[in-house]
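In what follows, a structure is listed as structure tokens, so that the remarks can point back to it.
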Amino acid sequence: MKTDPSLNPAWAGHLAQSLSTEHTLSAEASARIKQSLMQKIAERLPVVNVRRDEAWVQLGKRIQVKVLHDDGISLSWLLKLLPGGSLPVHDHADGAEECMILEGQLRINGEDFFAGDYQIALPGSVHHEVCSEQGSLVYLRSPSSRRQDLMGA
């Protein structure tokens with residue numbers, strides 16, 4: 001087994017001991033090892049930051065979108081409708097879409113939603129009307145295939 005050279009040899013030894021059925025570690029030693037390992041793992045994981053005023057794409061006169069994360073399966077994105085903004089009729093044939101209103105008011109198929117409200121559009125559902133008289137900021141999570149519809153990418 002190849003050992004990570006950045007892992008402290010003493011901790012590696014303690015870890016190996018703790019995995020052995022012949023030795024048991026104190027709760028304090030186990031906690032220290034866990035904390036050290038978690039820190040080492042966290043140092044290696046990439047972090048992606050998306051700032052509030054960056055990466056917005058204008059889709060129309062009163063519509064902006066921002067992709068937050070796309071792992072090839074699910075797409076997390078923001079939709080900003082300025083007052084009077086609306087989306088065209090669209091279906092959810094490609095999968096479910098979760099929607100959380102963060103700010104403002106959004107009308108979906110004749111029903112008004114406000115900050116804190118949530119809707120999930122199940123596969124096969126249709127949004128005949130999505131508009132905002134006051135303006136709205138919405139978090140959405142949908143299949144990654146939706147990105148092509150949003151940005152032509």
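The values are calculated or read from the model by the stated rules, or taken from the named source; none is laboratory data. Here the structure is a predicted model, which means the values were calculated and not measured. All Cβ positions, even for glycine, are placed from backbone atoms using ideal geometry, and neighbour counts span all protein chains on display.
Given (1) of a type outside the set (Phe, Trp, Tyr); (2) crowded, with 17+ Cβ neighbours inside 10 Å; (3) without any contact (Cβ under 8 Å) to a residue 60 or more places away in the chain; (4) in contact with a Phe, Trp or Tyr (Cβ under 8 Å, 6 or more places away or on another chain), where does residue 65 come up short, assuming only one miss?
Here residue 65 clears every test but (3).
Taking residue 85 as the residue in question, decide whether it is among the small types (Gly, Ala, Ser) and in contact with a strand residue (DSSP E or B) (Cβ under 9 Å, 6 or more places away or on another chain). Give the steps one after another, and end with the answer.
Working: among the small types (Gly, Ala, Ser): yes; in contact with a strand residue (DSSP E or B) (Cβ under 9 Å, 6 or more places away or on another chain): yes.
Criteria met by residue 85.
Quickly run through segment 88-99 and pick out the residues that are assigned to a strand (DSSP E or B) and either among the basic types (Lys, Arg) or surrounded by fewer than 17 Cβ atoms within 10 Å (Cβ to Cβ) (or both).
Here is the first cut: in segment 88-99, the residues assigned to a strand (DSSP E or B) are 90-91, 97-99.
If the condition is that a residue be assigned to a strand (DSSP E or B) and either among the basic types (Lys, Arg) or surrounded by fewer than 17 Cβ atoms within 10 Å (Cβ to Cβ) (or both), then 90, 91, 98 are the ones that fit.
Pairs only if they're at least six apart or on different chains, beta carbon under 7 angstrom, first in segment 109-120 and surrounded by fewer than 14 Cβ atoms within 10 Å (Cβ to Cβ), second part of a loop (DSSP other than H, G, I, E, B) and among the aliphatic types (A, V, I, L, M); list them, first residue then second.
Close Cβ pairs (under 7 Å, with a partner that is part of a loop (DSSP other than H, G, I, E, B) and among the aliphatic types (A, V, I, L, M)) amount to 120/96.
Which of the residues spanning segment 32-61 are under 30 Å from residue 85 (Cβ atoms) and surrounded by 10 or more Cβ atoms within 10 Å (Cβ to Cβ)?
Just the residues of segment 32-61 that are under 30 Å from residue 85 (Cβ atoms), to begin with: 48-61.
Of everything in segment 32-61, those that are under 30 Å from residue 85 (Cβ atoms) and surrounded by 10 or more Cβ atoms within 10 Å (Cβ to Cβ) turn out to be 50, 55, 56, 57, 58, 59, 60.
Being over 18 Å from residue 60 (Cα atoms), within 21 Å of the chain's Cα centre (by Cα) and among the polar types (S, T, N, Q) is true for just one of 125, 145. Which residue is that? Talk me through it step by step, then tell me what you get.
Working: 125 fails: within 21 Å of the chain's Cα centre (by Cα).
Criteria check complete, one pass: 145.
Kindly indicate which of 37, 81 is assigned by TED's automatic domain parsing to the domain that holds residue 115 and either more than 16 Å from residue 145 (Cα to Cα) or in contact with a helix residue (DSSP H, G or I) (Cβ under 8 Å, 6 or more places away or on another chain) (or both).
Values: 37 fails: assigned by TED's automatic domain parsing to the domain that holds residue 115.
Residue meeting the stated conditions: 81.
At pLDDT below 85 and among the aliphatic types (A, V, I, L, M): does that describe residue 42?
Details: at pLDDT below 85: yes; among the aliphatic types (A, V, I, L, M): yes.
Yes, satisfied.
Would you check which residues across segment 108-153 are within 16 Å of residue 78 (Cα to Cα) and acidic (Asp, Glu) and list them?
117, 149
Please report, ordered by residue number, the strands (runs of 3 or more DSSP E) entirely within segment 100-145 with at least 1 residues that are closer than 24 Å to residue 71 by Cβ. Write out each step before concluding.
Values: elements: 111-114, 118-121, 130-132, 136-143.
Answer list for segment 100-145: 118-121, 136-143.
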